[in-house]
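Any read-out appearing in this document is the output of simple, stated calculations on the displayed coordinates, not a laboratory observation. No experiment lies behind these values; they were computed from the predicted model shown. Here the Cβ positions follow ideal geometry from the backbone for every residue, glycine too, while neighbour counts run over all protein chains shown.
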Amino acid sequence: LGAQITTQLSLRGAILTNETGPALAADGVSVGGDMVLDDGFTATGHGDRGAVRFVGAQITGGLWVADETVGRAIGGTGWVVDGLTYDGYPTARFTRWLDFLRDGTASYAAQPYQQLAAVARAAGHDADARSALIAQRDDQVQRSTLTGRAKAWARFTKLTLGYGYQPWRALIGVAGILLIAVLVTSFVPGALAVVTTSTTHELISTPCTSIQTFQIAVDTTIPLVSTGAGSACRLTSTVGGQAVGWIGVFLTVAGWALTALFAAGFTRAIRQA
């Protein structure tokens, strides 16, 4: 524990076993070079403290971990890496390392994901950094002690914004609402009509054109957009017209909400960049 190693630490091919606790306890260790855990490295421990512990460890160089090593860790769920810092990507595949942080560690911790995101961003891989942060929130929802309400909100923001890292999801939602509005206004008989006055002052009702119907759908679902179609093409007093009116209220609220979420997520993304 707390060892100071000025050069590389290689456990390549090592097979470690402890019948009473962790097979490798490296809490607080400081390594001046690379940490090498590949080529058949295996650690088998017992108890609830984890098979491999790197709590607060500092690795100045890279972390060399083979995919098969990570696979064994996932099967055993016994690594504790909260506080582990290193430079550069772990040599295991990025997605494999994310699987390891979720399924191969003893409990949820934010720092390992933040560390992975930091080295990804430093290497210029912003997409990987976002993937790590999204995976962190997923793991937090699954394994942390969040309340039911907090988990429900987290799942909602994952669906609509990717936790703020994928604001384009909200635009897909707006497009979906627009599609619903187009279908509703187009296929409910007699819901929309253009009312004109004849030379004998009689009211004449004619169906709205396809473009007018689409414009009404746009006006209903997309905030701050007005095509002006509503001045001519209007809801009728029929059952269909009233039904479309009520549906339009909910679509308008949903459109505003998703647009506001997109604006908030986009602003956050710009600030992070």
**Report entry** ³J(HN,Hα), Karplus 6.51/-1.76/1.60, whole Hz, each residue of region 188-195, x for Gly, Pro
**Finding:** 8, x, x, 6, 10, 7, 9, 9
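Report the relative contact order of region 78-133, percent, no decimals, based on alpha-carbon pairs under 8 angstrom and at least 6 residues apart.
Working: 54 pairs, mean separation 21.5, N = 56.
Result for region 78-133 is 38 percent.
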Query raised in the report: Relative contact order for the chain using alpha-carbon pairs under 8 Å, separation at least 6, rounded to a whole percent?
Result: 11
Query raised in the report: How far, in nm, would the chain grow between Asp67 and Asp87 when pulled straight, counting 0.36 nm per residue and subtracting the alpha carbon separation?
Result: 5.4 nm
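When only C-alpha pairs under 8 Å and at least 6 residues apart count, what is the relative contact order of region 168-272, in percent?
Values: 137 pairs, mean separation 36.0, N = 105.
Dividing the mean separation by the residue count of region 168-272 yields 34 percent.
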Report task. Report the label-to-label distance for Val249 and Arg149 in nanometres (one decimal), using points 7 Å from each Cα along the Cα→Cβ vector. Result -> 2.6
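Quick check: from the Cα gyration tensor, does region 116-178 come out rounded (a/c under 1.5), prolate or oblate?
Numbers: a/c = 4.17, a/b = 1.15, b/c = 3.64.
In terms of gyration-tensor shape, oblate.
For the chain, what does the helix formula give at 222 nm: sum of -39500 (n - 2.57) over DSSP H segments with n ≥ 4, over the residue count, nearest 500 deg cm²/dmol? It would help to have the intermediate numbers written out before the result.
Working: 8 runs with 130 residues, N = 273.
The helix contribution divided over the chain gives -16000 deg cm²/dmol.
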Requested in this report: Mind jotting down the three principal axis lengths of the chain based on Cα atoms? Whole angstrom, largest first.
Outcome: 99, 34, 28
Report summary line: Karplus ³J(HN,Hα) for region 207-222 (6.51 cos²θ - 1.76 cosθ + 1.60, θ = phi - 60°; Hz, whole; x = Gly/Pro) runs x, 5, 6, 4, 5, 5, 4, 5, 5, 4, 4, 5, 4, 6, 9, 9
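Can you give the % of DSSP beta bridges in the chain that are antiparallel, to the nearest 5?
Roughly 30 percent of the beta bridges in the chain run antiparallel, per DSSP.
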